[in-house]
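A.B. asks: A single structure is presented below for examination.
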Amino acid sequence: MNAGRVIALEGVGKRYGEAQVVRDVHLHLAEGESLALLGHNGAGKTTLIKIMLGLTRPSAGDVRICGRRPWERGFSALRARIGYLPENVMFQDGMTGRELLAFYARLKGLSSPPVPELLERVGLGAAMDRRVRAYSKGMRQRLGLAQAMLGDPVLLLLDEPTTGLDPLLRRQFYELVAERQRGGAGVLLSSHALGEIEARTDRIAIMRAGRLVACGTLAELRRQAGCPTRIRVRAAASAAEEVLASLAGFGEARPIGAGSLEFACRNGTKMELLRRVSALGELIEDVEIVPPTLEDIYDRFSETAEPQ
Amino acid sequence: MRAILILAEKEIRDGLRNRWVLGTILSFAGLALSLAFLGSVPVGTTRAGELTVAVAGLSSLTVYLMPLIALMLSYDALVGEFERGTMLLLLSYPVTRRQVVLGKFLGHLVILAVAVTVGYGGAGLFLVWSAGGELGGLGAYLAMMASSVLLGGVFLALGYLVSVLVRERSAAAGWALGLWLFAVVLYDLALLAVVVAGGDALEAGGFLALLLASPTDAYRVLNLIGDEAVAAVAGLAGAAAEAGIEASVPVLAMAAWLVLPLAVTLLLFQRRDL
């Protein structure tokens, strides 16, 4: 086995009755590495996470989590080092946040868990002695993150972790996760909130209809997807027509408002366009370069690309 | 074992918080005390100890109340956690499914044992005190308390079975209620019909077997005809002499009713694909 590899999926498939929910997934994650698992609802993300936790057994392929198969005897003990945040996490309503976290800490076998500190870290310090019944959706989500962080996990599996969190809480959330990652944990988080994932994970995997259709760094995925870089050019007010005329006919262009054009540049045409634009000198007022967003890549892979 | 104890402790805390423990204690104590007061009305020439009379009365009522309470505690133990969405998180922790079931069961059983001990035990102490320290029938009373807990365990186990078989909490409640009705009322009515219809054809041994096949009747057999003095009070002295069965037989019958449903629950729960 590879040292430091926390997730190793080889040809994993899962069938529930007639429905093939996951098929032939190969996926690896190393210690200290983070991966975003993207896909529409029903793409198989949650099932894949359940397989990794040993909550459901794959119908095909092999799974190693920290070197062990989840369905083997003794895997249960390993779960003490795994932090899991389920989608739409729910708790027993009658307990307070502090009681709940203490209960989960005991289950993980922690002798002196930093319960109040952890609750402070996720911003529940003031609410820790209130019943969870009175918690908002965002507060439950933060309590969910706190329980996932118990026991310094070496693997974090976070299923749609930031639903219900406002932008500020999201940032705090990712800071906590990043801290754990620097501490050596492998992090896998699933999402369909694409924008916020960008630049937050080392790699991105895209699932569609149970298959992994793409996996790599953002740069790699950009190359594979072949999405165009968009260049927006705004001409100086007096020279609008002149500029438009001189650039007209250059690749795909569409006007976006008065005196502005947007070009979709593919494979190397970008630099040529930029040279031409800069040759126009002062006639150009502004140039904006918009690389393909994760959203573009995601749409490309999840709708058009055929599985490899 | 550690995980089982942690889970059991949580169930007990839950029971304390939502007043389950208190309510159960109060209903048992209330039942025992009202019977004790009724029982202290002079009853002709019967010279039985207060405790002996209480066993006859209490066990006849416990046989209805205990199964109901146990089923209410247990019917949503598993299906409820699935429906609320808390089961997934629990099972992602270092606990096995066996530990989840056994931990919850242990916690619920402790709740019932505490309620019986405090409720019936307290009433028993009161009876002994009001009888001026007379301890006759103490053994039968203690046996009644212990077998009441066992009866509770049986219906907890049956409730868990319902809880793992059914996919919705409301359906589980319906099944639990039906189960209770069958076990404490319908089965005995059917048995009565059999006896009335073909009393001669049914030999005593067969009838006894049918009695012992039901956990509630096994409980009655144990408490009402197991002890000679109690049997005399209950007017079943003849039956007791005729049956001549060891106390261990109904106890074993009840233990089987506890172990089997629990084992099937474990099996089904472990096989379930989440």
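A.B. asks: Classify the range A:162-236 as rounded, prolate or oblate from the Cα gyration tensor: take a ≥ b ≥ c as the square roots of its eigenvalues, call it rounded if a/c is under 1.5, otherwise prolate when a/b beats b/c and oblate if not.
C.D. replies: The shape class here is oblate.
A.B. asks: When N counts the residues of the protein assembly as shown, how does its alpha-carbon radius of gyration compare numerically with 2.2 N^0.38 Å, as a ratio?
C.D. replies: The reported ratio for this selection is 1.38.
A.B. asks: While we're on this one: Once you order the gyration tensor axes a ≥ b ≥ c over the Cα atoms, which shape class does the range A:99-203 get: rounded for a/c under 1.5, otherwise prolate or oblate by comparing a/b with b/c?
C.D. replies: Oblate is the answer for the range A:99-203, as a/c is 1.5 or above yet b/c matches or exceeds a/b.
A.B. asks: Return the ratio Rg/(2.2 N^0.38 Å) for chain A, where Rg is computed over Cα atoms only.
C.D. replies: Taking the Cα Rg and dividing by 2.2 N^0.38 Å, one obtains 1.22.
A.B. asks: Here is a further query. In terms of the Cα gyration tensor, with a ≥ b ≥ c the square roots of its eigenvalues, is the range B:2-271 rounded because a/c is under 1.5, prolate because a/b exceeds b/c, or oblate?
C.D. replies: oblate
A.B. asks: What dipole magnitude, in Debye to the nearest 20, does chain A give about its Cα centre under +1 on Lys/Arg Cβ and -1 on Asp/Glu Cβ?
C.D. replies: Charge dipole of chain A: 1360 debye, to the nearest 20.
A.B. asks: Let me ask you something else. For an R0 of 51 angstrom, estimate the FRET efficiency from the Cβ-Cβ distance between residue B:192 and residue B:5 and round to the nearest 0.05.
C.D. replies: So the FRET efficiency works out to roughly 0.70.
A.B. asks: So how many Å³ per residue does the convex hull of the Cα atoms of the range A:90-151 work out to?
C.D. replies: 69 Å³
A.B. asks: Just name one of B:249, B:206, A:256: the one whose Cα is farthest towards the positive end of the charge dipole of the protein assembly as shown (beta-carbon charges, Lys/Arg +1, Asp/Glu -1).
C.D. replies: A:256
A.B. asks: Please report how many Lys pairs in the protein assembly as shown have alpha carbons closer than 26 angstrom, counting only residues at least 8 apart along the chain or sitting on separate chains.
C.D. replies: Lysine pairs meeting both conditions in the protein assembly as shown amount to 13.
A.B. asks: Placing unit charges on C-beta atoms (Lys and Arg positive, Asp and Glu negative, everything else neutral), compute the dipole magnitude of the protein assembly as shown about its Cα centre in debye, rounded to 20.
C.D. replies: Result for the protein assembly as shown is approximately 1140 debye, rounded to the nearest 20.
A.B. asks: Considering only DSSP beta bridges with both partners in the protein assembly as shown, what is the antiparallel share in %, to the nearest 5?
C.D. replies: Counting only bridges with both partners in the protein assembly as shown, antiparallel ones make up about 65 percent.
A.B. asks: Here's something else I'd like to know. Given the DSSP H assignment, sum -39500 (n - 2.57) over each helix run of at least 4 residues in the protein assembly as shown and divide by its residue total; what's the result at 222 nm in deg cm²/dmol, nearest 500?
C.D. replies: -16500 deg cm²/dmol
A.B. asks: While we're here: Average projected area of the Cα convex hull of the range B:81-158, in nm²?
C.D. replies: Averaging across all directions leaves 6.7 nm² for the Cα convex hull.
A.B. asks: Let me ask you something else. Note the direction-averaged projected area, equal to a quarter of the hull surface, for the Cα convex hull of the range A:228-291, in nm².
C.D. replies: 3.7 nm²
A.B. asks: Going by Cα centres, the range B:53-120 and the range B:147-180 are how many Å apart?
C.D. replies: 9 Å
Laboratory data are not the source of any read-out in this text; all were calculated from the coordinates shown. The structure presented is a predicted model; accordingly, all values stated were derived computationally and were not measured. Note that we place each Cβ from the backbone using ideal geometry, even for glycine, and neighbour counts take in every protein chain shown.
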